[in-house]
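Chemist: Please read through the structure below; I'll follow up with questions.
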Amino acid sequence: MRGSYKMLTIRGISLHIHWTFLLLIGWVLLVNAATGNNVEQLTWSLLFLAAVFACITLHELGHAMMAARFGIKAKNIVLLPIGGIASIEKFPENPRQELAISIAGPLVNLAIAGLLWLFIPNIPLIDDEQHMTIMHGHDFIYNLRIVNVILAVFNLILAFPMDGGRILRALLGFKLNYIQATTIAATVGKIIAILFIVAGIVLINPILPAIGIFIIFSAGAEEYYLRLKSLVKGIKLNEVLMYDYNSLQANMTVQEAANVLNSNHSKYFILMDGITPTGTINRMEIIKELADMHYNEPIKNLVKEKPELLNGNKEIDTVLEKLARNDERIYPVMDNSNFIGVVNLNHIIEYLLLNKVNTKEYGRIRSLAGLLH
């Protein structure tokens, strides 16, 4: 996710924190200053915030570990002020898998709450005499237990793509196809999101509208992806090739590449070793190195990712998630060891529009194109 920064790696899963997390820390500092809390109370507040997000990280790891049991690898976890997001490499293959993956996160929070209860077994979950504050060490475990119960319950709200919404989709998926199940779950989620926004305005609570907006955009993005996946089913990459691509030789220096950029405004270039593609490079990577005065650096050294060459005989839906991460990025397509062209998501949308103009699917493709652009 843009604007997020890697902190560490846990069992091969990179943990990132989004820059907006600083706003949450700033809010905690502001609240403590406004209420006149001392340094000790401020320290407990910050420790409690860290503990809550450690629990959120464990929640997302619960999803990731369950996904791994089905052979689905988690790429990263991003921490946001409103919670965490675990990105997995592909969608679960069936409703049973999604149900197990979705429920794993809330179960982790309930397990944490149960473990914390061992430290304070004689205090009920809701205690009128207990001070509901995070400003004192003696309330720390009590309140952390409550937060984990709240996290479990909150995530089970039927607001797709939250855990509850995914559970709803999985249950619907036992009777309906995944497109229909996703549409119903996304619609329910959007209705709940609107209620969050209205409640936030009425209660003057900025967190609720932020959650509502996040739900609306996330639900729309996933519904769009699944609809597109259904439209490209059966179409191979070698059927949607582009031949008018721009390339740079991998052994070029930054200065030599910059001279090409002066008269070429393409965002992405195919890196070539002679007539063989070795990967893709974004023009901004070259410009950044130019600004840092690394004029003689070979541009092949700027590519940090493993070169990705796609097999032309593969169906589009098998690599759609890779293409959807960046709709403008181009990928080299190979036929055995022969370079035959390039693809990107934008061109696939155009291909569908051009070739399905007289079909009943055309309206759906146009709506998807509108979402993309």
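The values are calculated or read from the model by the stated rules, or taken from the named source; none is laboratory data. Predicted, not measured: the structure shown is a model, and the values here were computed from it. Every residue, glycine among them, receives a Cβ derived from its backbone with ideal geometry; neighbour counts consider all protein chains shown.
Chemist: What number of residues within the range 204-226 are more than 18 Å from the chain's Cα centre (by Cα) and either in a helix (DSSP H, G or I) or hydrophobic (A, V, I, L, M, F, W, C) (or both)? Walk me through how you get there before you give the answer.
Modeler: Going through the range 204-226, the residues more than 18 Å from the chain's Cα centre (by Cα) turn out to be 204-209.
With the extra rule that they be either in a helix (DSSP H, G or I) or hydrophobic (A, V, I, L, M, F, W, C) (or both), the set shrinks to 204, 207-209.
Final tally of qualifying residues: 4.
Chemist: On to the next question. Being touching a residue at least 40 places away in the same chain (Cβ under 8 Å), touching a Phe, Trp or Tyr at 6+ places or on another chain (Cβ under 9 Å) and among the hydroxyl-bearing types (Ser, Thr, Tyr) is the requirement here; does Tyr225 meet it?
Modeler: It is true that Tyr225 is touching a residue at least 40 places away in the same chain (Cβ under 8 Å), touching a Phe, Trp or Tyr at 6+ places or on another chain (Cβ under 9 Å) and among the hydroxyl-bearing types (Ser, Thr, Tyr).
Chemist: Here are some conditions: (1) under 30 Å from Thr318 (Cα atoms); (2) outside any helix (DSSP H, G or I); (3) at pLDDT 85 or above. Pro92 meets all but one. Which one does it not meet?
Modeler: (3)
Chemist: What's the number of the condition Ala199 fails, among (1) modelled with pLDDT of 90 or more; (2) among the small types (Gly, Ala, Ser); (3) touching a Pro at 6+ places or on another chain (Cβ under 9 Å); (4) buried (at least 17 other Cβ atoms within 10 Å of the Cβ)?
Modeler: Evaluating Ala199 over (1) modelled with pLDDT of 90 or more; (2) among the small types (Gly, Ala, Ser); (3) touching a Pro at 6+ places or on another chain (Cβ under 9 Å); (4) buried (at least 17 other Cβ atoms within 10 Å of the Cβ) leaves (4) as the failure.
Chemist: Same structure, new question: Pairs under 9 Å by beta carbon, first residue assigned by TED's automatic domain parsing to the domain that holds Ile101 in the range 49-68, partner surrounded by fewer than 22 Cβ atoms within 10 Å (Cβ to Cβ) and among the acidic types (Asp, Glu), six or more apart or different chains?
Modeler: Ala67/Glu89
Chemist: Let me ask something additional. Can you confirm whether Leu248 is in a helix (DSSP H, G or I) and either under 26 Å from Ala51 (Cα atoms) or touching a residue at least 24 places away in the same chain (Cβ under 8 Å) (or both)?
Modeler: Spelling it out, it is not the case that Leu248 is in a helix (DSSP H, G or I) and either under 26 Å from Ala51 (Cα atoms) or touching a residue at least 24 places away in the same chain (Cβ under 8 Å) (or both).
Chemist: Test Pro124 against the criterion of being modelled with pLDDT under 85, part of a loop (DSSP other than H, G, I, E, B) and buried (at least 16 other Cβ atoms within 10 Å of the Cβ), and give yes or no.
Modeler: Against the criterion (modelled with pLDDT under 85, part of a loop (DSSP other than H, G, I, E, B) and buried (at least 16 other Cβ atoms within 10 Å of the Cβ)), Pro124 does not qualify.
Chemist: Could you list, in sequence order, the residues of the range 63-78 that are surrounded by fewer than 21 Cβ atoms within 10 Å (Cβ to Cβ) and at negative phi? Write out each step before concluding.
Modeler: Quick first cut of the range 63-78, residues surrounded by fewer than 21 Cβ atoms within 10 Å (Cβ to Cβ) only: 65, 68-73, 75-76.
Scanning the range 63-78 gives Met65, Ala68, Arg69, Phe70, Ile72, Lys73, Lys75, Asn76.
Chemist: Could you check the range 319-349 and list, in sequence order, the residues that are surrounded by 16 or more Cβ atoms within 10 Å (Cβ to Cβ) and over 19 Å from Leu248 (Cβ atoms)?
Modeler: Selection gives Val319, Leu320, Leu323, Ala324, Leu345, Asn346, His347, Ile348, Ile349.
Chemist: Another question about this same structure. I'd like the residue in the range 1-59 that is touching a Ser or Thr at 6+ places or on another chain (Cβ under 7 Å) and part of a helix (DSSP H, G or I) and, out of all such residues, is surrounded by the most Cβ atoms within 10 Å (Cβ to Cβ).
Modeler: Looking at residues that are touching a Ser or Thr at 6+ places or on another chain (Cβ under 7 Å) and part of a helix (DSSP H, G or I), I get Asn32.
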